[in-house]
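Colleague: Supplied in structure tokens, the structure appears directly below.
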Amino acid sequence: MSEPGSPSLSQLQVLLTVVDAGSFAAAARRLNRATSAITYAIDNLEAQLGLPLFDRVATRKPELTQAGRAVVAEARVVAHGVDMLRAKVKGLLEGLEAEISLAVDVMLPTSRLVDALQAFQTTFPTVPLRLHVETLGAVTQLVRDREATVGISGPLHVDVAGLEHIAIGGVRLVPVAAPFHPLARLRTLTPGAARNHIQLVLTDRSKLTEGQDFGVFSMKTWRLADLGAKHALLLAGVGWGNMPAPMVQGDLDAGRLIRLALPEWSEDTYPLKILYRTDTPPGPAAQWLIERFKTQV
């Protein structure tokens, strides 16, 4: 049996683009090449490897064979390694970043953000910083679209290729209401008691999590894109809702808000993770910032 040949990086790029784009024609448009050139590249790759990567007979659109799926998985590892190598060399050549753009989830405790940015200012006084505060999928979208160098995101139940994830703990969430809210007046909350009362829900400005709900129990919801507005409405008794514990601890201590003992409530931690693109990993200043957030856990 002959040994398989060594595919080039260009061939692997074509293979991955066909898979991600969904067809040879779409890959050709994405790579600004003729469809015949894409077909030729895949034919040569299959000949070099000695394996059929796509089933182009049984289906109208090219479908990966079992061998093709295995090759694609390894090709992604190679492509990721090359992206990391090129980006690292780029950082070494360019030195310190001209600017850091940071996108953070609104649930990130203010104390953690202030601690990191105060220390960043002292360590990198010449590096300007641009800060975005967003909700849910909007942080991921900013990083994916290269509008933010680094993101600190909450849970995202969609797969976004090309992003590195680093867990940095989380923030405790608590269901709360004003003391004069009907739910707060009940001595014991039975299962389902919260469903008939307005729940204030933080919504998303991005398309990544459109239609998804997180921690929603009520049949009546008001959706807000601003955590400060949600806080104010909770204090006014307009509805009940889940809030990050550090933000409402003073209100709980002072009796302005009451923690609700909901029988349905079990998940009380909002996980946080750092995001950055694998093809443009953080430079020295951004990497320092990431390490600062990691040491806070």
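The values are calculated or read from the model by the stated rules, or taken from the named source; none is laboratory data. Treat the numbers as computed from the prediction; the structure is a model and nothing was measured. Don't worry about glycine lacking a Cβ; one is built from the backbone with ideal geometry, like all the others, and counts go over all protein chains shown.
Colleague: Only residues that are more than 24 Å from Met243 (Cβ to Cβ) and part of a loop (DSSP other than H, G, I, E, B): list them for the stretch 141-180, please.
Modeller: Scanning the stretch 141-180 gives Asp145, Arg146, Glu147, Ala148, Thr149, Val158, Asp159, Val160, Ala161, Gly162.
Colleague: Now, a different point. Among Gly154, Gly169, which is the only one that is surrounded by 17 or more Cβ atoms within 10 Å (Cβ to Cβ), under 30 Å from Arg256 (Cα atoms) and among the small types (Gly, Ala, Ser)?
Modeller: Details: Gly169 fails: surrounded by 17 or more Cβ atoms within 10 Å (Cβ to Cβ).
Testing whether each residue is surrounded by 17 or more Cβ atoms within 10 Å (Cβ to Cβ), under 30 Å from Arg256 (Cα atoms) and among the small types (Gly, Ala, Ser) leaves just Gly154.
Colleague: Further question on the same structure: Residues to consider are Val297, Val238, Val216, Val248; find the one that is modelled with pLDDT of 90 or more and either surrounded by fewer than 19 Cβ atoms within 10 Å (Cβ to Cβ) or touching a Pro at 6+ places or on another chain (Cβ under 8 Å) (or both). Talk me through it step by step, then tell me what you get.
Modeller: Values: Val297 fails: modelled with pLDDT of 90 or more; Val216 fails: modelled with pLDDT of 90 or more; Val248 fails: either surrounded by fewer than 19 Cβ atoms within 10 Å (Cβ to Cβ) or touching a Pro at 6+ places or on another chain (Cβ under 8 Å) (or both).
Step by step, each of Val297, Val238, Val216, Val248 is checked, and only Val238 is modelled with pLDDT of 90 or more and either surrounded by fewer than 19 Cβ atoms within 10 Å (Cβ to Cβ) or touching a Pro at 6+ places or on another chain (Cβ under 8 Å) (or both).
Colleague: Right, another one. Would you mind telling me which numbered condition in (1) farther than 27 Å from Asp159 by Cα; (2) touching a helix residue (DSSP H, G or I) at 6+ places or on another chain (Cβ under 6 Å) Lys220 fails?
Modeller: Answer for Lys220: the failing condition is (2).
Colleague: Separate question: Determine the pairs where a residue that is over 16 Å from Pro271 (Cα atoms), located within the stretch 284-297, has a partner that is aliphatic (A, V, I, L, M) and assigned to a helix (DSSP H, G or I) with Cβ atoms under 8 Å apart, the partner being 6 or more residues away or on another chain.
Modeller: That search, which allows pairs on different chains as well, returns Leu289/Ala116; Arg292/Ala116; Arg292/Ala119.
Colleague: Could you list, ordered by first residue, the pairs with Cβ atoms under 8 Å in which the first is in the stretch 109-129 and within 13 Å of Glu97 (Cα to Cα) and in contact (Cβ under 8 Å) with a residue 12 or more places away in the chain and the second is surrounded by 13 or more Cβ atoms within 10 Å (Cβ to Cβ) and among the hydroxyl-bearing types (Ser, Thr, Tyr), at least 6 apart or interchain?
Modeller: Hits for this filter: Leu129/Ser101.
Colleague: Okay, moving on. Yes or no: Thr149 β-branched (Val, Ile, Thr) and either without any contact (Cβ under 8 Å) to a residue 40 or more places away in the chain or surrounded by fewer than 16 Cβ atoms within 10 Å (Cβ to Cβ) (or both)?
Modeller: On the way: β-branched (Val, Ile, Thr): yes; either without any contact (Cβ under 8 Å) to a residue 40 or more places away in the chain or surrounded by fewer than 16 Cβ atoms within 10 Å (Cβ to Cβ) (or both): no.
Spelling it out, it is not the case that Thr149 is β-branched (Val, Ile, Thr) and either without any contact (Cβ under 8 Å) to a residue 40 or more places away in the chain or surrounded by fewer than 16 Cβ atoms within 10 Å (Cβ to Cβ) (or both).
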